[in-house]
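Single-structure report; data block below.
FYI, it's all coordinate maths here, none of it is from the lab. These numbers were taken from a predicted model, which means no experiment stands behind them. When we count neighbours, we look across all protein chains shown, and the Cβ atoms used for this are built from the backbone with ideal geometry, even at glycine.
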């Protein structure tokens, strides 16, 4: 088994080992969310076999790649996987930041009234509590 | 009384731009999905299909909350609702309105009602599961009792517009029941007040003057099959005498004369035999003066078991065929003949306009069972044409019920449809949830079930997925290549607008 | 030619309040006289003066004669400098200070009721700068005007200031237009901000006016840019919410964009924003700058020769047109607009402030061209104006 680290703009190296028709990656879960790892893995299930398991190192996840056919070179797949992991991490961060807004958008899309501002539907324009009609 | 003098300078009458730029510290990201693009770019697509291409470095800065206000793309990201940098809720409300528009196809629930009036047919098309070359009417024809129940069930749909499509076998072989359905539905409609539309799918062989007059008097549209030039068409669609093409062309002419040119449309089906003739197929359609073509691929399960093997093809083969045909179609338009490719049109509508596609093939929640339903000749109700074909092959997973046994609530509220619905919302499907093309794509749970074993499906190996991804990517590529003619053409397809020709791309 | 809309004369002392009336030059039956203002170069006999809302004459009336006349026609303005501009069927206001203002011209396609001079915005190019004057009581006059306007009038505008500041009074005015002028299309110009209150849009829609359009300006796809042009924080948000409400309740809206140095750069992006977010708009008007009001002190910041923004104008126009949105170009001369978008140029300038240059006499497309604002001829126009000889 040899170790290599795949360089990328992400400074954290990911430990790798290669074997016959197999390879394994270890992912630091303080950098990547589990969700990101499983989603990245899903995308590769057409090209190879994957197994996720707990690493011996605490706080790390092990991703084992299995070749789907003899002579398959797993190296390039590992590289792509690392890049995919970065993108999935971005997506994970995005879903935490923007996910609640998406839920709100969908809820508002199908709601009858305004969910965000009750003044909107029922507020009196004569009273103009918001002062929209204030003269300059 | 003198006005008091103040030491404070009076505020200027007009305030500068800075006074109105009431930004939050930094910005927050609004929901979007992204996809890496060749040449170090990233495509970002928001929940309503609005898109923007960013260079990789800019994308990194953007998602890292480091993109500066002075960046040339910052304002575009803001205006297109990819970022929010004020306390305002209005972008969220606008997105909600736009989202509602994108899902507006759900309104009215079931709008398309397929009446499979007979299984009898004189053709043995290779991609058809169901037809029977037979004269046994009682075994394979829809009865009036069944038709009556189907019409009554149809009117239980709340949709203000209802489209009735007659299918088969060869639907005209049971013209009596077609006539019955038209008349009975119009009778009920006096009270219902819906907008009713009728289409007859037919190979045109049984067409008579009497039938044509009836169709004309009741404003019924015709849809026929034309797979390409004569040899190809006849190979795909064998019948006794091997003259399907000749009859189709002859009766097409007759039908157009009686009904009007635009009242007859055609669909084609791609088989392995078609793959080598993309340009010829397009040219055949142009020669026959059609205004559009739907380049339809057939799923692997779509081939009749008996003849299937030889006609199947890989997605990659279809894609090559598609691109060449599309190329030819663009050429044809450049030469001055208006001709639309329907599948591209569906996608472009979703990519370039605020509107959804009205074709049930490309929707999320998917159209099968929800937007469309099929009433089989025997009274069985299915979620779609594919669903009933599946049942012919022994798989009744998508059978929703029976007209004679169950009512509206059981059929449309039953377990079968609910299970189907579970696989029909892209926003919840693995592999789709993060796909930048989600707003442009649609779910096909029946395809998933048939090819991969469950309605959810497996995206990395899905032929439906790889086909759509590649076609959408190809369309984006053509748009970005910069040929103004192609951009305008695609816009016209997407919007259906024929506007004043702009002089800049005229080819003289 | 810019038309005369005002004239001046000497009022009788008995003219103590403003009044409105339909101009007539002929003697009328007594029942309808209270709606009419009799107009004559020379005064007819005293009996013929009785019962009219008012009397206008070019004749000079001595103080003695005035006392007599006041018995028959207390509401009179004499010694009027000119009456040529007033036509039968026009509606004019006679004021105690002797001024006579034309409020409505029969046969013109550009009539509008100015319902208030107050505004809650303060646009940097406002051609009708707001005044902080409580003119709410003038609603009676506007309602009276609606009663006097010829019902065969094709179109009527409601302008300001900001008409929505009248709130329920505006709704009532529109209601009266529906009742008294049922076939007259109504075009209300508004910043749309008060429609932030959904109830206002709902109540407006509830009137059920058969041919109503609200023209609402939008100057950018970026909130602070729009707010800067209209000089009001939050205006963009309020306007967009207002537009959404109007759309939801089915009130037709038109989006108006005045093009100047602060708005031309993102004009194509604004077109896309309108297409995506305000698809329901019945019409989009891309407008040239009028050199009136605030445009004058701000001219150096705002003025840009239309030929300089021709690319943006073409892009925005064709973007919208290709997507099936109705789009028009207002207040631009054909010689400064690329030919490919000429078909969108409309003859939009109200007749009473519409003019051409002397060189336009040679132009072969003058008939199609909207010409200039009278104010532009004094204050500035493109250096590329030239007659087109085809």
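Shape verdict for region C:131-265, please, from the Cα gyration tensor: rounded (a/c under 1.5), prolate (a/b greater than b/c) or oblate.
Prolate.
Which log10 I(q)/I(0) values, to two decimals, does region C:1-106 give at q = 0.12, 0.16 Å⁻¹ under the Debye formula with one point per Cα?
Log10 of I(q)/I(0), two decimals: -0.32, -0.59.
Name all residues of region B:262-283 having a backbone nitrogen under 13 Å from the label point set 7 Å from the Cα of residue B:246 along its Cα→Cβ direction, giving them as ranges.
Answer for region B:262-283: none.
Where in region A:59-74 does the amide nitrogen come within less than 18 Å of the point 7 Å from the Cα of residue A:21, taken along Cα to Cβ?
Within reach of a label on residue A:21, which here means backbone N under 18 Å from a point 7 Å along Cα→Cβ, region A:59-74 contributes A:64-74.
What length, rounded to one decimal in nm, is gained on full extension from residue C:367 through to residue C:28, with 0.36 nm per residue of separation minus their alpha-carbon distance?
Length gained between residue C:367 and residue C:28: 118.1 nm.
In nm, give the distance between the simple-model label positions of residue C:114 and residue B:485, each being 7 Å from the Cα along the Cα-to-Cβ direction.
5.4 nm
Can you give me the three principal axis dimensions of region B:54-205 from its C-alpha atoms, in Å, biggest first?
Sorted from largest, the Cα extents of region B:54-205 read 75, 43, 20 Å.
Taking 0.36 nm per residue of sequence separation and subtracting the Cα-Cα distance, how much length would be gained by fully extending the chain between residue C:296 and residue C:16, in nm to one decimal?
In short, 97.2 nm is gained.
Over chain B, what per residue volume does the convex hull of the Cα atoms give, in whole Å³?
In chain B, the Cα hull volume divided by residue count equals 223 Å³.
How large, in Å, is region C:112-379 by the Kirkwood hydrodynamic radius built from its alpha-carbon pairs?
19.1 Å
Over chain C, what is the relative contact order in percent, taking alpha-carbon pairs closer than 8 angstrom and at least six residues apart?
Computed over chain C, the figure is 13 percent.
Going 7 Å from the Cα of residue B:163 toward and past its Cβ, which residues in region B:372-415 have a backbone nitrogen under 15 Å from where you end up?
Only B:372-374, B:384-385 fall inside the zone, counting backbone N under 15 Å.
Is there a simple number for the mean count of other chain Cβ atoms within 10 Å of the Cβ of residues in A:99-111, and what is it?
The shielding value for this peptide is 6.
From the Cα gyration tensor of region B:32-142, with a ≥ b ≥ c the square roots of its eigenvalues, which class applies: rounded if a/c is under 1.5, or else prolate if a/b is larger than b/c, or else oblate?
Oblate, because a/c is 1.5 or more while a/b does not exceed b/c.
Quick one: if the Förster radius is 60 Å, what FRET efficiency do residue C:46 and residue C:340 give, using the C-beta to C-beta distance and rounding to 0.05?
My answer for the efficiency is 0.35.
How much FRET efficiency would the formula 1/(1 + (r/R0)^6) give for residue B:256 and residue B:335, where r is the Cβ-Cβ distance and R0 is 22 Å, rounded to 0.05?
Taking R0 as 22 Å, the efficiency between residue B:256 and residue B:335 is 0.45.
Set the Förster radius R0 to 25 Å, insert the Cβ-Cβ distance between residue C:248 and residue A:135 as r into 1/(1 + (r/R0)^6), and round the FRET efficiency to 0.05.
Once the sixth-power term is evaluated, E becomes 0.35.
List the relative contact order of chain B as a percent without decimals, with contacts defined as Cα pairs under 8 Å and 6+ residues apart.
That works out to 14 percent.
Provide a whole-number value for the mean count of partner chain Cβ atoms within 10 Å of the Cβ atoms in peptide C:293-301.
1
Quick one: Cα centre-to-centre distance for region C:1-61 and region C:241-284, in angstrom?
After rounding, the separation between the Cα centres reads 45 Å.
Pop a pseudo-label 7 angstrom from the Cα along the beta-carbon direction at both residue B:133 and residue A:117 and give the gap in nm to one decimal.
Reported label-point gap for residue B:133 and residue A:117 is 7.0 nm.
Across region C:319-390, how large is the tail of the calculated P(r) beyond 22 Å, expressed as a percent of all Cα pairs?
Across region C:319-390, Cα pairs with separations above 22 Å total 22 percent.
Ignore the peptide's own chain and count Cβ atoms of other chains within 10 Å of each Cβ in C:213-221; give me the average, rounded.
1
With labels modelled as points extended 7 Å from the Cα through the Cβ direction, what inter-label distance (nm, one decimal) is found for residue C:350 paired with residue C:82?
1.8 nm
For the ranges B:108-120, B:335-347, what's the packing order if you count other beta-carbon atoms within 10 Å of each residue, average per peptide, and put the highest first?
The packing order, highest mean first, is B:108-120, B:335-347.
Can you tell me the 0 to 90 degree angle between the C-alpha axis of helix C:168-180 and the longest principal axis of chain C, rounded to 10?
It is inclined by approximately 70 degrees.
For region C:6-100, give me the percentage of DSSP beta bridges that are antiparallel, rounded to the nearest 5 percent.
50 percent
Once each part is reduced to its C-alpha centroid, what is the distance from region B:101-115 to region B:237-278 in angstrom?
29 Å
With Rg and the Kirkwood Rh both taken from Cα atoms, where does Rg over Rh land for the protein assembly as shown?
1.05
Can you say what percent of the DSSP beta bridges in region C:112-379, counting only those with both residues inside, are antiparallel? Round to 5.
5 percent
Decide, for region C:70-220, between rounded, prolate and oblate: order the square roots of the alpha carbon gyration tensor eigenvalues as a ≥ b ≥ c, take rounded if a/c falls under 1.5, and otherwise choose prolate if a/b is larger than b/c, else oblate.
prolate
Sorted by mean Cβ packing within 10 Å, highest first, what order do the peptides B:68-79, C:33-44 take?
The packing order, highest mean first, is C:33-44, B:68-79.
So, by mean Cβ neighbours within 10 angstrom, what's the order for C:298-311, C:319-332 with the highest one leading?
C:319-332, C:298-311
Using alpha-carbon positions, what is the distance between the centroids of region A:58-136 and region C:305-366, in Å?
Between the Cα centres of region A:58-136 and region C:305-366 lies a distance of 44 Å.
With contacts defined as alpha carbon pairs under 8 Å and 6 or more residues apart, what's the relative contact order of region B:207-343 in percent?
After rounding, I find 25 percent.
So what is log10(I(q)/I(0)) for region A:32-136 at q = 0.12, 0.13, 0.14, 0.20 1/Å, when the Debye sum runs over its Cα atoms only?
-0.62, -0.66, -0.71, -1.05
Taking every DSSP beta bridge that has both residues in the protein assembly as shown, what percent is antiparallel when rounded to the nearest 5?
45 percent
Compute the helix-to-body angle for C:63-72: its Cα long axis versus the longest principal axis of chain C, expressed 0 to 90° and rounded to tens.
80 degrees
If I fit a long axis through the Cα atoms of helix C:235-248 and take the longest principal axis of the Cα atoms of chain C, what angle between them do I get, 0 to 90°, rounded to 10?
Between helix and principal axis, roughly 80 degrees.
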